[in-house]
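Colleague: Pasting in a structure now, in structure tokens, and then I'll have a few things to ask.
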Amino acid sequence: MSNQEHIDHSEPTRVSFDFKGYLFKALNLWKFVVLSIGLAFLIAYFINVRKQNVYKLHSLVSVENDQNPFFTANTSISFNWGGVSGKVGKIITAIKTRSHNEKVVDSLQFYMAYLQQGKYRKIDIYKQAPFEFILDDSKPQGLNTPIGIRFLSANTFEVFTNYERSRIQAQQYNNKSIYPVDVPLNEFKKTYSNDEVIELPFLNGKIKIKSLANVKPGDEYFLLFKSFDAIVEGYKNRIIIGPFSKDASSVLKLQLSGTNKSKIVDYLNATSAILSRTELERKNLYATNTIKFIDSSLAEVNAKLKDVTDEMNDFRKRNKVFDVSDEISDISEKLRTYDLAREREQLKLDYLDNLENYLNTKTDYTKIAAPTSVGIEEANILGSVTRIIALAAERQNLEYITKEGSILFKELDSKIDSEKNVLLETIDATKRTIGIQLSTISRNIAIFESKLSDLPEDQQEFLKLQRRRDISQDAFNIYMSKRSEAAIVKAANISDITVIDEAKDIGGGLIGPNKSLNYMMALMMGFFIPMFLIFIIFLLDNTIHGSDEIEQLSNIPILGLIGKYNYKNNLIVFEKPKSAVSESFRAIRSSLQFIYKKQGKDTGKTLMITSSVSGEGKTFCSINIATVYALSGKKTILLGLDLRKPKIFGDFNIENDLGIVNYIIGEQTFEEVKYSTHIENLDIIPSGPVPPNPSELLMSSNMKDLMVRLRKEYDMIVLDTPPLGLVTDALELTQYADATIFMIRLDYTKKGMLSLINAKYRTGEVNNISFVLNFYKHKTNHNYGYGYGYGYGYGYGYGVYGNAYHEKDKQSWWSRVKNFLRRF
């Protein structure tokens, strides 16, 4: 029965992710993590010191539905824009419109910045500049490139630039047009005096030095012009408006952030002032339109009154002035009353005709005059006109913030059309009513005029002129009364927007950069980025680093471990017997004795040493295991059976001209291919010349006869074979092996190579096989990568304990430096 039958040949358990291995991998690279965190903190520090401070300030405005103090039941020329709640929504919308922000930016000239060179960047000094640039907005100013102002004395300065291109973009701020201009290349300087007109392709205006400014020769400042549209868009996106609190929904809070607090204060206060002025203009729109309508009508009535007055004066000059009887005067007075009533109704009818035509031909309904200006008191007409104007104004506001074709426009247009249709129907009905009234008045006038037909012609003519004059005078008086009424309403109107708390720089307001957050982010990024990189490396790493991985991947036992030892040749056990590596080979010899004892073998024992690929220490292990057996008094022979890539002869100073190949093919005798080494009890048979058919030679009968002979003559036979993962030669030699060592070089051997040996082990193609770990490194912190948790007791003599017992080679200072760097 096999001495390893107790070993489980089943497939080893595989884990999806070795978290413990990943943790030890990260601990092994802790210096890399610490270095990353330190670098992240350094970056955060430079960001904090280089980034400009960001401030946020605010102001408070109140939105009220102020009633005009002169509004009475008879003063109907007033307009309500939808109550307080409606106004709040409209004002919030207006603040975010482009047109409003254009007015603010234009009034403050924020497209022009005054800069001064700071430690890390040019700083916006705004009002702190010792001079003011009065620009000529009808001429271009160069965009996006600082224009230098260097003072030569208290009253003189030079304009300097250094353009790298001969053409730049410039903007003319009166019409906001942008076009290219030619500028001087490379360095340019030109001297000017205070208040002197500057006319350059890229700068037009004049610099006026402030009276109390402390200007020193050599002081440098810069003017920077930016695109008007870009500045407007920036402020439009940055300004924030919303209710101050739930309890005070009519109080709005305006907020703005930026790097210059003076600019923030001016922008917020200018916003409130312009908004208040704009809202007052909108509030007066109804009265303004009415005044315009009355003024146009007054001109016509005044002309008629002048004409009839002149005509009456001429009549009096041509005719004798006379008095009429009381009866005639009474009839004339009644006719005047009816004529005045007809004139008023005709004015109403003319207004309604004009309104109807306006509604059918125009699209801007914000310019409709008040119906009350001609005496129309019909509630339905007044209400419809008011609602149409409100909806039209709302649509105008929406045009600044919403694209044409939006569903919001469709909804508003639908409401306007619906209200317009109602108003047109009301106008038709009112016109019919007025027509009936005019017919009645005309009949009454005809009756009274017939009573005057018996009077002399000159008296009839005089009465007609008198009636015409009185009608024109009454109409003029009515229009003047209505105009005065509208003017009083307009003059007495106050804005519905009141500034409660102006923006003011009282200190504070700093919101950025958030240095604590930056450092916290640096800590997180500095930790998680290297941990993620380690995770990726860990997932992609397919090499074997420790014994625990081998235990997971294979059920084949681990026989021993060999530390890394830099030496000039492979004869470490012989030449450095007290080294940790020599002690490791003695431990392996002890473990092999246990295997051979279970087999009942005392002499003629064979040991095959193989690996998965070249470079894993197979030949190194073969030479030194053979050496430890020879030094223990065992007659040992080392066979070089790697016929394809022979190696073992070099360390013993022998040639590879003759070897086991010559013996197998019958060219040489055993004694001719066997070499005695300088190590007592150790003989060696090298491979010899590389044959064309190595596998066939190893399968020959001569090879079998050789192994029988060696078992009789030697106590220990060590077979140095080719890699098992590359060629099949090693499989042909397993029949001669009492024990097999499979070499695994840590940090070199691939995990996939173990699947090959596992398959052959399960099928019984190899027996009595064990692993030996080469290039083992003991870590005092038990980090992952070199066999953490390794519990074998035969590895004594290496590591911390062995450091005090075994020999140490003296290292040069350069080697120490390299070893130190490798720890990172």
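Colleague: Could you please tell me which pairs satisfy a Cβ distance under 6 Å, a separation of 6+ or placement on different chains, a first residue in the range 727-741 that is assigned to a helix (DSSP H, G or I), and a second residue that is hydroxyl-bearing (Ser, Thr, Tyr)?
Modeller: Correct list of pairs: ASP729/SER695; ALA730/THR610; ALA730/THR721; LEU733/THR721; TYR736/THR606.
Colleague: Given the options ARG336, ARG342, ARG318, name the one that is at pLDDT 75 or above and more than 60 Å from the chain's Cα centre (by Cα).
Modeller: Values: ARG336 fails: at pLDDT 75 or above; ARG318 fails: at pLDDT 75 or above.
Step by step, each of ARG336, ARG342, ARG318 is checked, and only ARG342 is at pLDDT 75 or above and more than 60 Å from the chain's Cα centre (by Cα).
Colleague: Could I ask something else about it? Just one of (1) in contact (Cβ under 8 Å) with a residue 60 or more places away in the chain; (2) open to solvent by 40 Å² or more (accessible area, probe 1.4 Å); (3) at positive phi trips up GLY205, so point out which.
Modeller: That leaves (2) as the condition not met.
Colleague: Something else: Quick check: is even one residue across the range 647-655 open to solvent by 20 Å² or more (accessible area, probe 1.4 Å) and modelled with pLDDT of 90 or more?
Modeller: Going residue by residue through the range 647-655, those that are open to solvent by 20 Å² or more (accessible area, probe 1.4 Å) are 647, 649-651, 653-655.
Retained after the next criterion (residues that are modelled with pLDDT of 90 or more): none.
Among the residues of the range 647-655, not one is open to solvent by 20 Å² or more (accessible area, probe 1.4 Å) and modelled with pLDDT of 90 or more, which makes the answer no.
Colleague: Taking into account only those residues within the range 283-315 that are at pLDDT 70 or above and hydroxyl-bearing (Ser, Thr, Tyr), which is surrounded by the fewest Cβ atoms within 10 Å (Cβ to Cβ)?
Modeller: Taking the candidates together, the pick is SER296.
Colleague: Output the residues belonging to the range 653-665 that are outside any loop (DSSP other than H, G, I, E, B) and in contact with a strand residue (DSSP E or B) (Cβ under 6 Å, 6 or more places away or on another chain). Quick ask: steps written out before the conclusion?
Modeller: Of all residues in the range 653-665, those outside any loop (DSSP other than H, G, I, E, B) come to 660-664.
Answer for the range 653-665, where residues must be outside any loop (DSSP other than H, G, I, E, B) and in contact with a strand residue (DSSP E or B) (Cβ under 6 Å, 6 or more places away or on another chain): just ILE660.
Colleague: A further question follows. Looking only at strands (runs of 3 or more DSSP E) that fall completely inside the range 188-293, which ones have 1 or more residues that are among the acidic types (Asp, Glu)? First the steps, then the outcome.
Modeller: Values: elements: 197-199, 204-209, 220-225, 240-243, 251-258.
Filter on the range 188-293 gives 197-199, 220-225.
Colleague: How many residues, within the range 658-697, are farther than 24 Å from GLY633 by Cα, without any contact (Cβ under 8 Å) to a residue 40 or more places away in the chain and aliphatic (A, V, I, L, M)?
Modeller: 3
Colleague: When you go through GLU732, GLU713 one by one, which is the residue that is over 60 Å from the mean Cα position of the chain (by Cα) and either at pLDDT 90 or above or aliphatic (A, V, I, L, M) (or both)?
Modeller: Working: GLU732 fails: either at pLDDT 90 or above or aliphatic (A, V, I, L, M) (or both).
Criteria check complete, one pass: GLU713.
Colleague: Any residue at all in the range 388-402 that is under 18 Å from SER297 (Cα atoms), part of a helix (DSSP H, G or I) and either touching a residue at least 24 places away in the same chain (Cβ under 8 Å) or among the hydrophobic types (A, V, I, L, M, F, W, C) (or both)? Can you show your working first?
Modeller: We begin by selecting, within the range 388-402, every residue under 18 Å from SER297 (Cα atoms); these are none.
Checked against the condition, which is being under 18 Å from SER297 (Cα atoms), part of a helix (DSSP H, G or I) and either touching a residue at least 24 places away in the same chain (Cβ under 8 Å) or among the hydrophobic types (A, V, I, L, M, F, W, C) (or both), the range 388-402 yields no hits at all.
Colleague: Additional query: Looking only at the range 595-619, filter to residues that are part of a helix (DSSP H, G or I) and open to solvent by 30 Å² or more (accessible area, probe 1.4 Å); which one of those is modelled with the lowest pLDDT?
Modeller: Residues of the range 595-619 part of a helix (DSSP H, G or I): 595-599, 618-619.
Still in the running and open to solvent by 30 Å² or more (accessible area, probe 1.4 Å): 597-599.
On the way: LYS597: 86, LYS598: 85, GLN599: 82.
Out of the qualifying residues, it is GLN599.
Colleague: Of the residues that make up the range 559-577, is at least one surrounded by fewer than 17 Cβ atoms within 10 Å (Cβ to Cβ) and aliphatic (A, V, I, L, M)?
Modeller: No.
Colleague: Also: Do we find that ASN65 is at pLDDT below 90 and loosely packed, with under 15 Cβ neighbours inside 10 Å in this structure? Even if it seems obvious, please write down each step before you answer.
Modeller: Details: at pLDDT below 90: yes; loosely packed, with under 15 Cβ neighbours inside 10 Å: yes.
Against the criterion (at pLDDT below 90 and loosely packed, with under 15 Cβ neighbours inside 10 Å), ASN65 qualifies.
Colleague: Can you tell me which residues in the range 687-710 are of a type outside the set (A, V, I, L, M, F, W, C) and touching a strand residue (DSSP E or B) at 6+ places or on another chain (Cβ under 7 Å)? Give the steps one after another, and end with the answer.
Modeller: Kept after step one, since they are of a type outside the set (A, V, I, L, M, F, W, C), are these residues of the range 687-710: 687-689, 691-696, 700-702, 704-705, 709.
Answer for the range 687-710, where residues must be of a type outside the set (A, V, I, L, M, F, W, C) and touching a strand residue (DSSP E or B) at 6+ places or on another chain (Cβ under 7 Å): just SER687.
Colleague: Here is a further query. Is it the case that SER622 is in a loop (DSSP other than H, G, I, E, B) and crowded, with 16+ Cβ neighbours inside 10 Å? I'd like the intermediate steps shown before the answer.
Modeller: Values: in a loop (DSSP other than H, G, I, E, B): no; crowded, with 16+ Cβ neighbours inside 10 Å: yes.
No, not satisfied.
Colleague: Tell me yes or no: at least one residue of the range 213-229 is polar (S, T, N, Q), modelled with pLDDT of 90 or more and open to solvent by 30 Å² or more (accessible area, probe 1.4 Å). Don't jump to the end; show me each part of the working.
Modeller: The initial filter retains those residues of the range 213-229 that are polar (S, T, N, Q), namely 214, 227.
In the following step, the residues that additionally are modelled with pLDDT of 90 or more were identified as 227.
Subset that is open to solvent by 30 Å² or more (accessible area, probe 1.4 Å): none.
Within the range 213-229, none of the residues are polar (S, T, N, Q), modelled with pLDDT of 90 or more and open to solvent by 30 Å² or more (accessible area, probe 1.4 Å).
Colleague: Would you pick out the residues in the range 512-528 that are within 26 Å of LYS56 (Cβ to Cβ) and surrounded by 13 or more Cβ atoms within 10 Å (Cβ to Cβ)?
Modeller: Answer for the range 512-528, where residues must be within 26 Å of LYS56 (Cβ to Cβ) and surrounded by 13 or more Cβ atoms within 10 Å (Cβ to Cβ): GLY512, PRO513, ASN514, LYS515, ASN518, TYR519, MET521, ALA522.
Colleague: Another question, then. Does the range 705-720 contain at least one residue that is of a type in the set (Ser, Thr, Tyr) and under 30 Å from VAL573 (Cα atoms)? Quick ask: steps written out before the conclusion?
Modeller: Of all residues in the range 705-720, those of a type in the set (Ser, Thr, Tyr) come to 714.
Retained after the next criterion (residues that are under 30 Å from VAL573 (Cα atoms)): 714.
Yes, the conditions are met somewhere in the range 705-720.
Colleague: For residues that are farther than 19 Å from TYR55 by Cα and of a type outside the set (Ser, Thr, Tyr), scanning just the range 234-255, find the one that is least open to solvent (accessible area, probe 1.4 Å).
Modeller: LEU252
Colleague: Another question about this same structure. Can you work out which of the residues in the range 469-507 that are open to solvent by less than 50 Å² (accessible area, probe 1.4 Å) and not in a helix (DSSP H, G or I) is modelled with the highest pLDDT?
Modeller: Here the residue is ALA503.
Colleague: Cβ-Cβ below 6 Å, separation at least six or inter-chain, first residue in the range 223-252 and farther than 22 Å from ILE91 by Cβ and aromatic (Phe, Trp, Tyr), second open to solvent by less than 40 Å² (accessible area, probe 1.4 Å) and not in a strand (DSSP E or B): which pairs?
Modeller: The qualifying pairs are PHE228/TYR111.
Colleague: What are the residues in the range 340-372 that are part of a loop (DSSP other than H, G, I, E, B) and surrounded by 16 or more Cβ atoms within 10 Å (Cβ to Cβ), if any? So that I can check it myself, show each step before the final result.
Modeller: Residues of the range 340-372 that are part of a loop (DSSP other than H, G, I, E, B), as a first pass: 362-364, 368-370.
Selection gives ILE368, ALA369, ALA370.
Colleague: Based on what the data block shows, is ASP642 over 30 Å from GLY752 (Cβ atoms), open to solvent by 10 Å² or more (accessible area, probe 1.4 Å) and not in a strand (DSSP E or B)? I'd like the intermediate steps shown before the answer.
Modeller: On the way: over 30 Å from GLY752 (Cβ atoms): no; open to solvent by 10 Å² or more (accessible area, probe 1.4 Å): yes; not in a strand (DSSP E or B): yes.
No, not satisfied.
Colleague: OK, next. Quick one: is LEU280 in contact (Cβ under 8 Å) with a residue 24 or more places away in the chain, closer than 30 Å to LYS490 by Cα and surrounded by fewer than 20 Cβ atoms within 10 Å (Cβ to Cβ)?
Modeller: On the way: in contact (Cβ under 8 Å) with a residue 24 or more places away in the chain: yes; closer than 30 Å to LYS490 by Cα: yes; surrounded by fewer than 20 Cβ atoms within 10 Å (Cβ to Cβ): yes.
Answer is yes for this residue.
The values are calculated or read from the model by the stated rules, or taken from the named source; none is laboratory data. Keep in mind that what you see is a predicted model, and the values were worked out from it rather than measured. Please note: Cβ atoms are built from the backbone with ideal geometry, for glycine as well, and neighbour counts cover all protein chains shown. Side chains included, ligands, DNA and RNA excluded: accessible areas come from the protein's heavy atoms. Shrake-Rupley method; radii C 1.70, N 1.55, O 1.52, S 1.80 Å.
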